[in-house]
Amino acid sequence: MSRIAVFHSALGVRPGVHDAAARLRAAGHEVLVVDQYDGRVFDDYAAAGAYVERVGFPELMARAEAAVAGLPDGFAVLGWSNGAGMAEYVATRRRVAGAVLVSGALPLEVLGASAWPAGVPVQLHGTDGDPFAQREWEAGFLADVEAAGAPVTRFTYAGTGHLFTDASLAAEYDAAATDQLWARVLDFLGGPAARGVT
């Protein structure tokens, strides 16, 4: 069993986030769903992006860190898109057991971090044709993780969905890829990420 902090995308805590929490709990994990928007949810990426800009990344990062303040060291982080960046940020500020990033990764310097924490394993998931993907950012992040001596695996899925695990987004959802992702994530969280940090 792991404790897992889950971070939503720029669209907020949509059904896909609730589904993720349910899958994790069904597997025996303890889950904290972090809502950085106080219940606000978006259906449109442009409107969501405008809201993120108004709030600002420093404030969102502060909210992410504050939300996990009550968790003991050794929890895992999981995030989608914007939330992947928040999961990364928390992993550079707290002692975490592992990080699962879906459809996004930020360069560490954007987060004010000089290095990835040594030995903290990472999974990065995304579709081949994700229109929001920043491949240079992802490559830089993966290189930083490898430089820290941490296990890292990049999984790609056929398709063009950004939030491809959210069944409420019909144009993006991919059921087969979602099942494959969750098999990999649950295996990851049952392995090194479940054992905590020392």
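The values are calculated or read from the model by the stated rules, or taken from the named source; none is laboratory data. Everything quoted here is computed from the prediction, not taken from an experiment. Here the Cβ positions follow ideal geometry from the backbone for every residue, glycine too, while neighbour counts run over all protein chains shown.
Considering every residue within segment 166-178, establish whether at least one is under 20 Å from His8 (Cα atoms), under 16 Å from the mean Cα position of the chain (by Cα) and modelled with pLDDT of 95 or more. Within segment 166-178, one or more residues are under 20 Å from His8 (Cα atoms), under 16 Å from the mean Cα position of the chain (by Cα) and modelled with pLDDT of 95 or more. Inspect all residues belonging to segment 63-85 and state whether any of them is closer than 19 Å to Leu124 by Cβ, in contact with a Phe, Trp or Tyr (Cβ under 6 Å, 6 or more places away or on another chain) and touching a residue at least 60 places away in the same chain (Cβ under 8 Å). Yes, some residue in segment 63-85 is closer than 19 Å to Leu124 by Cβ, in contact with a Phe, Trp or Tyr (Cβ under 6 Å, 6 or more places away or on another chain) and touching a residue at least 60 places away in the same chain (Cβ under 8 Å).
Looking only at residues in segment 49-78 that are assigned to a loop (DSSP other than H, G, I, E, B) and aliphatic (A, V, I, L, M), which one is surrounded by the fewest Cβ atoms within 10 Å (Cβ to Cβ)?
To start, the set of residues in segment 49-78 that are assigned to a loop (DSSP other than H, G, I, E, B) comprises 56, 68-75.
Of the ones still in play, those that are also aliphatic (A, V, I, L, M) are 68-69, 71.
Numbers: Val68: 21, Ala69: 7, Leu71: 17.
So the residue we want is Ala69.
Of the residues making up segment 1-34, not one is in contact with a His (Cβ under 7 Å, 6 or more places away or on another chain), modelled with pLDDT of 95 or more and surrounded by fewer than 17 Cβ atoms within 10 Å (Cβ to Cβ). Residues that are in contact (Cβ under 8 Å) with a residue 12 or more places away in the chain and polar (S, T, N, Q) within segment 97-142 comprise Ser103, Gln123, Thr127, Gln134, listed in sequence order.
Does Ala84 satisfy the condition of being within 15 Å of Ala150 (Cβ to Cβ), surrounded by 21 or more Cβ atoms within 10 Å (Cβ to Cβ) and modelled with pLDDT of 95 or more?
Details: within 15 Å of Ala150 (Cβ to Cβ): no; surrounded by 21 or more Cβ atoms within 10 Å (Cβ to Cβ): yes; modelled with pLDDT of 95 or more: yes.
Here the answer is no, as Ala84 does not meet what is asked.
Consider segment 14-47 and keep the residues that are within 18 Å of the chain's Cα centre (by Cα) and free of Cβ contacts under 8 Å to residues at least 24 places away in the same chain. The one that is farthest from Val102 (Cα to Cα) is Arg25. Restricting segment 96-154 to residues that are part of a helix (DSSP H, G or I) and in contact with a Pro (Cβ under 7 Å, 6 or more places away or on another chain), the residue that is surrounded by the most Cβ atoms within 10 Å (Cβ to Cβ) is Phe141.
For segment 79-95, filtering for residues that are outside any helix (DSSP H, G or I) and within 16 Å of Asp35 (Cβ to Cβ) leaves 3. The conditions of being closer than 30 Å to Tyr173 by Cβ, in a helix (DSSP H, G or I), in contact with a strand residue (DSSP E or B) (Cβ under 8 Å, 6 or more places away or on another chain) and among the small types (Gly, Ala, Ser) are not met by Ala46.
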